[in-house]
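One structure is given here, and the rest of the page talks about it.
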Amino acid sequence: MTQTANRHASSFRDPSGFMLVKDGELLRQVDPIYFEQYNSLKESGFYKKMFDARLLVRHQEVSASGDAILLKPEVVPFFSYPYEWSFSQYKHAALHTLKLQKYCLQNGYTLKDATAFNITFHKGKPVFVDSLSFDKYNEGEPWRAYKQFLTHFLAPLALAKYYGNDMLKLLQQYIDGIPLEKAAKLLPFSAKLNPLLYTNIFLTAKYDAKFSNEAPGKSKAIHLSKQAQEKILDSLYSYINGLELKENTEWKDYYSITNYDAEAFEYKKKLVRKWYQSVNAKKAVDLGGNDGTFSRELKDIADELLVADIDPNAVNHNYLQVLKNKETNIVPLVSDLLNPAPGIGFNNAERSSLQERIRKNDYDVSLALALIHHISLSGNVPFAMSAEMFASLTPYIIIEFPDRGDSWVDFLLKSKMEFLNHFDYYNKENFEKDYTVFFDVIEKEQIPNTERTMYLLKRK
């Protein structure tokens, strides 16, 4: 039996097996309890069908014994979590799960786990990552993961429809899914008028409340034909596919109201590309990337681009561009740099923090464009603290500093009102003094016709 000392911190819930790290490689161990299902999936060719349909991340068997089978899954460079997705990403992850369950039914199998944490975004699209989440389908047996799908997908999406993007972050608090009783209480009365929500949220919550205290084995067995299950899946798919979210956010169309001219804008683009190439970078993380405008200057020369932004509408626009243009090396992410996703779950390690995932993925360079004034003036973060944070993430950083004469900086300073004098330190000289404690300045250029200076810095 493979030693569990190398078990991945996120992999302990499924008795069928677990993920582990061995000699620097991420592997999946299949335990004997799952051998029958694994061999059926393998020998029937269903694994291959799911691989070819891009429903399941590919794996290959690397060893097999009576104690364990080891699989090597395709590498997913960056693993995002549901509370870091835009609305369209979340919606497409839900649709992917429904497609997968229907495909399983059509081939004599069923999906036993429908947690949103089994989906991530790889090569521009959602993909299911757990090779052990499948079981043989028994005629008449309802979908065991139905309620899990409701709590992980339908409830957050329905709440987002009525209350906005922030509802999609709830799985950070409810790691096992939003309780249906709570979702039913939060949804407005008008939601009851929708037959799908009434059946799948309100009635299911009532059923759960009625039978939650009943002794095991006492409740009546439910028989549901395959055709009836497919109808339920189709109705869920149709409802979720038609969901739209109309919510204005502060930074939507940010670049259409930028405070510098087209010449300066193009100059900045070319400078980012030039400096990225000068350090022989392969992977970048754009920490305030808005809709990905500047990261796209690198898409033909970068292996991977993680583009994070606080604004979910901007991230959603970025994601839709990724799909439209088939930009398989761009990963859009919703993240507030002043409050990034922490480590949560068991031992605070079941779902790792955003910064830990960035560090482990060995990005070469960070982009921090039009960002430092928001960190320093909106978040009140001293230069020395942001410099230390950036230095912990990547060896290089391309950072833009807007000085006090910049219109956005002037706006932020004036918003401080009677505390304005507390921000006298905000100037280029102090920025350079504090940042050169952690970085060496490789290059420095002022953007023409602006009060903004670009820096290429190397970690000391």
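The values are calculated or read from the model by the stated rules, or taken from the named source; none is laboratory data. Just so you know, these numbers come straight off a predicted model, no measurement behind them. Reconstructed Cβ throughout: ideal geometry from the backbone, glycine too, with neighbour counts over all protein chains shown.
Being acidic (Asp, Glu), assigned by TED's automatic domain parsing to the domain that holds Lys269 and touching a helix residue (DSSP H, G or I) at 6+ places or on another chain (Cβ under 7 Å) is the requirement here; does Asp364 meet it?
Details: acidic (Asp, Glu): yes; assigned by TED's automatic domain parsing to the domain that holds Lys269: yes; touching a helix residue (DSSP H, G or I) at 6+ places or on another chain (Cβ under 7 Å): no.
No.
For residues in region 24-54 being farther than 15 Å from Cys104 by Cβ and hydrophobic (A, V, I, L, M, F, W, C), which is surrounded by the fewest Cβ atoms within 10 Å (Cβ to Cβ)?
Step by step, filter region 24-54, then rank; the result is Ile33.
Of all residues in region 10-43, which are small (Gly, Ala, Ser) and in contact with a helix residue (DSSP H, G or I) (Cβ under 7 Å, 6 or more places away or on another chain)? So that I can check it myself, show each step before the final result.
The first filter runs over region 10-43 and keeps only residues small (Gly, Ala, Ser), leaving 10-11, 16-17, 24, 40.
Result: Ser16, Gly17.
Would you check if Ala314 is outside any helix (DSSP H, G or I) and either over 30 Å from Met417 (Cβ atoms) or touching an Asp or Glu at 6+ places or on another chain (Cβ under 8 Å) (or both)?
Working: outside any helix (DSSP H, G or I): no; either over 30 Å from Met417 (Cβ atoms) or touching an Asp or Glu at 6+ places or on another chain (Cβ under 8 Å) (or both): yes.
Spelling it out, it is not the case that Ala314 is outside any helix (DSSP H, G or I) and either over 30 Å from Met417 (Cβ atoms) or touching an Asp or Glu at 6+ places or on another chain (Cβ under 8 Å) (or both).
Going residue by residue through region 105-123, is there one that turns out to be surrounded by fewer than 23 Cβ atoms within 10 Å (Cβ to Cβ), at positive phi, modelled with pLDDT of 95 or more and more than 14 Å from the chain's Cα centre (by Cα)?
Taking every residue of region 105-123 in turn, at least one turns out to be surrounded by fewer than 23 Cβ atoms within 10 Å (Cβ to Cβ), at positive phi, modelled with pLDDT of 95 or more and more than 14 Å from the chain's Cα centre (by Cα).
Consider Leu180 carefully, then state whether it is hydrophobic (A, V, I, L, M, F, W, C) and touching a helix residue (DSSP H, G or I) at 6+ places or on another chain (Cβ under 7 Å). Please lay out each step first, then the result.
Numbers: hydrophobic (A, V, I, L, M, F, W, C): yes; touching a helix residue (DSSP H, G or I) at 6+ places or on another chain (Cβ under 7 Å): yes.
When the stated conditions are applied, Leu180 passes them.
Considering only residues that are polar (S, T, N, Q) and modelled with pLDDT under 85, look in region 204-252 and name the one that is surrounded by the most Cβ atoms within 10 Å (Cβ to Cβ). Spell out the reasoning first.
Step one: of region 204-252, the residues polar (S, T, N, Q) are 204, 212-213, 219, 225, 227, 229, 235, 238, 241, 248-249.
Next cut, modelled with pLDDT under 85 only: 212-213, 219, 248-249.
Details: Ser212: 8, Asn213: 6, Ser219: 11, Asn248: 8, Thr249: 16.
Ranking the qualifying residues of region 204-252, first place goes to Thr249.
Any idea how many residues of region 427-436 are more than 33 Å from the chain's Cα centre (by Cα), in contact (Cβ under 8 Å) with a residue 40 or more places away in the chain and closer than 25 Å to Gly289 by Cβ?
0
Test each condition in (1) aromatic (Phe, Trp, Tyr); (2) surrounded by fewer than 23 Cβ atoms within 10 Å (Cβ to Cβ); (3) touching a helix residue (DSSP H, G or I) at 6+ places or on another chain (Cβ under 9 Å) for Phe294 and report the one that comes out false.
(2)
Find the residue count for region 420-435, including only residues that are surrounded by 14 or more Cβ atoms within 10 Å (Cβ to Cβ) and hydroxyl-bearing (Ser, Thr, Tyr).
The total comes to 2.
Out of (1) under 18 Å from Val285 (Cα atoms); (2) at pLDDT below 95; (3) among the polar types (S, T, N, Q), what's the single condition that is false for Ser415?
The failed condition is (1).
Show me the helices (runs of 4 or more DSSP H) found entirely inside region 331-423 where at least 1 residues are over 25 Å from the mean Cα position of the chain (by Cα) and in contact (Cβ under 8 Å) with a residue 40 or more places away in the chain. Lay out the reasoning, then the answer.
Details: elements: 354-360, 383-391, 407-414.
Passing ranges, in order: 383-391, 407-414.
Scan (1) modelled with pLDDT under 95; (2) among the β-branched types (Val, Ile, Thr); (3) surrounded by 14 or more Cβ atoms within 10 Å (Cβ to Cβ) for the single condition Val57 breaks and write down its number.
That leaves (1) as the condition not met.
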